[in-house]
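The values are calculated or read from the model by the stated rules, or taken from the named source; none is laboratory data. Bear in mind the structure is a predicted one, so any value in this text is a computation, not a measurement. Cβ atoms come from the backbone with ideal geometry, glycine included; neighbour counts cover every protein chain shown.
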Amino acid sequence: MSSVYIARQPIVTLEEKLEAYEVLYVDSMRHHDISDNRYASAAVMNTILNRFGTQEFLSDCKAFLKVDERFLMSDLIKTVPKDFFTLSIFSDIDFDEKIVERIEQLRKLGYSLAINDTDLTEEHINKLEKVLDLFNFFKINMNHPIGKDSKELIERLKSHDLKIVATKIESDKQYQLAKTLGCGLFQGYCFAKPEILENEKFDPARFNVLKIYNMLMQDTNLDEITAEFEKNYALSVQLLQFINSAHFSFQNKISSIHHVLSLVGRKPLSQWLMLMIYSKAVSESDNVSPLLLMVKNRTELMQKLLKALKPDVGSNALGEAYLVGVLSLIGKVFHARTEDVLENIHVSDLTKNAILYDEGTLGTLYKTVRDIEEFNISEIMNFCEKYKLEESSVQEIILECIDEVNALEKSLKVS
């Protein structure tokens, strides 16, 4: 096996607060057919430990690490840092006496344990009944049929003090069903490709930010822009925190919002504002929005992939790539169709067509970003082959973007 692709997918609470990550990996040469899960589990753990360090990769969250029987029974299992990983054990293994004994040992050592994606059927739960008390999490595959007795089965699982994780959520319908059934944690592409609730009103707080963005892009007088900022206390506080971050170093002390705006410049401010539209901080919440982290990842991927394709690319083209990434989830923020929101934003047809129809180079990059989110390895490999990029280079870009997302998350948690 030449290499292992690694990515992470958010697991969120009912309040859509980031709770944990699922660590995803696949053999790039065999596509999705990994013949030795023990090797892959070790490889992904080593990548996290050696490439990032657990704190940098996971921040304050744990990662669910998939574990098969061979990895579970090997000495490697004891090298997994229990403070940073939850062992997610495949449900199709034979829970014989030796397996149960090993799981009991791990629980006594303080490990957190999960049963990996499982069908929600009475047959499966009966099979696992004898070991349910040894686990902390039970992961349900929402792509598999959900029966009429599903709610009762989940209550049965909860009686074993299990936290229920609904996985493979790919639509808002599945998300709502999982909540109705009583699941408490959620994972899936629904959060990378959000379903849009139509005909709802724009959030006024975020719409004000959008108004300021348009003012910046249309060369409105700085005094007018300052007045709009000063109407939004939460946004002004965020702006000052942004200025005090490592991004800027000014010789003179900041004296006013007007002073900040004149020093920073319109383009950096407009980019920052679009990120803030996604931030819970704009609506005065203490939680860092998974949607914000997702759009940060998209903007970084768009720009870095464009640089890989065109090493001498100019700042204007990079700015367009950034804008495609940051606007790609704008419909989710305003609970409206993306095309409707874009009509209210001062953007070019090039940007709109890339987002809506995958047109042009930016559209190709945007599709590749979605393939990366969805862990569509075959499409990523096709992209690399078409543009003569090394797969290892693209994987390095993915890891660099995770670094950038972590840095943003930490900066927003600083009070």
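For beta carbons closer than 6 Å, sequence separation of 6+ or different chains, a first residue in region 207-225 that is assigned to a helix (DSSP H, G or I) and a second that is of a type in the set (Asp, Glu), the qualifying pairs are ILE212/GLU228.
Scanning region 370-408 for residues that are closer than 19 Å to GLN187 by Cα, of a type in the set (Asp, Glu) and modelled with pLDDT under 90 yields GLU373, GLU374.
Within region 112-143, being under 21 Å from GLU22 (Cα atoms), of a type outside the set (A, V, I, L, M) and modelled with pLDDT of 95 or more holds for SER112, PHE135, ASN136, PHE137, PHE138, LYS139.
Only a single criterion out of (1) out of contact with any Lys or Arg (no Cβ under 9 Å at 6 or more places or on another chain); (2) on the phi > 0 side of the Ramachandran plot is not satisfied by ASN406, namely (2).
Screening LYS388 on (1) surrounded by 15 or more Cβ atoms within 10 Å (Cβ to Cβ); (2) outside any helix (DSSP H, G or I) shows it passes everything except condition (1). Tell me, yes or no, whether region 366-377 has at least one residue that is within 18 Å of TYR213 (Cβ to Cβ) and in contact with a helix residue (DSSP H, G or I) (Cβ under 7 Å, 6 or more places away or on another chain). No.
So which residues in region 151-185 are hydrophobic (A, V, I, L, M, F, W, C) and surrounded by fewer than 17 Cβ atoms within 10 Å (Cβ to Cβ), if there are any at all? Of everything in region 151-185, just one residue is hydrophobic (A, V, I, L, M, F, W, C) and surrounded by fewer than 17 Cβ atoms within 10 Å (Cβ to Cβ), namely LEU177.
Here's the yes/no breakdown for (1) more than 21 Å from VAL326 (Cβ to Cβ); (2) acidic (Asp, Glu); (3) without any contact (Cβ under 8 Å) to a residue 24 or more places away in the chain:
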residue	(1), (2), (3)
SER348	no, no, no
THR351	no, no, no
ILE355	no, no, no
LEU362	no, no, no
GLU391	yes, yes, no
GLU396	yes, yes, yes
ALA407	no, no, yes
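Residues considered: ILE146, ILE154, ILE196. Of these, the only one that is within 28 Å of the chain's Cα centre (by Cα) and modelled with pLDDT of 90 or more is ILE154. Somewhere in region 22-45, is a residue under 26 Å from LYS163 (Cβ atoms), crowded, with 19+ Cβ neighbours inside 10 Å and modelled with pLDDT of 75 or more? Yes, some residue in region 22-45 is under 26 Å from LYS163 (Cβ atoms), crowded, with 19+ Cβ neighbours inside 10 Å and modelled with pLDDT of 75 or more.
Quick check on LYS352: is it closer than 21 Å to MET294 by Cα and basic (Lys, Arg)? Criteria met by LYS352. When we screen LYS148, LYS139 for residues that are basic (Lys, Arg), surrounded by fewer than 16 Cβ atoms within 10 Å (Cβ to Cβ) and not in a helix (DSSP H, G or I), the only hit is LYS148. Taking the criterion of being out of contact with any strand residue (DSSP E or B) (no Cβ under 7 Å at 6 or more places or on another chain) and outside any helix (DSSP H, G or I), the residues of region 346-385 that qualify are HIS346, VAL347, SER348, ASP358, GLU359, GLU374, ASN376.
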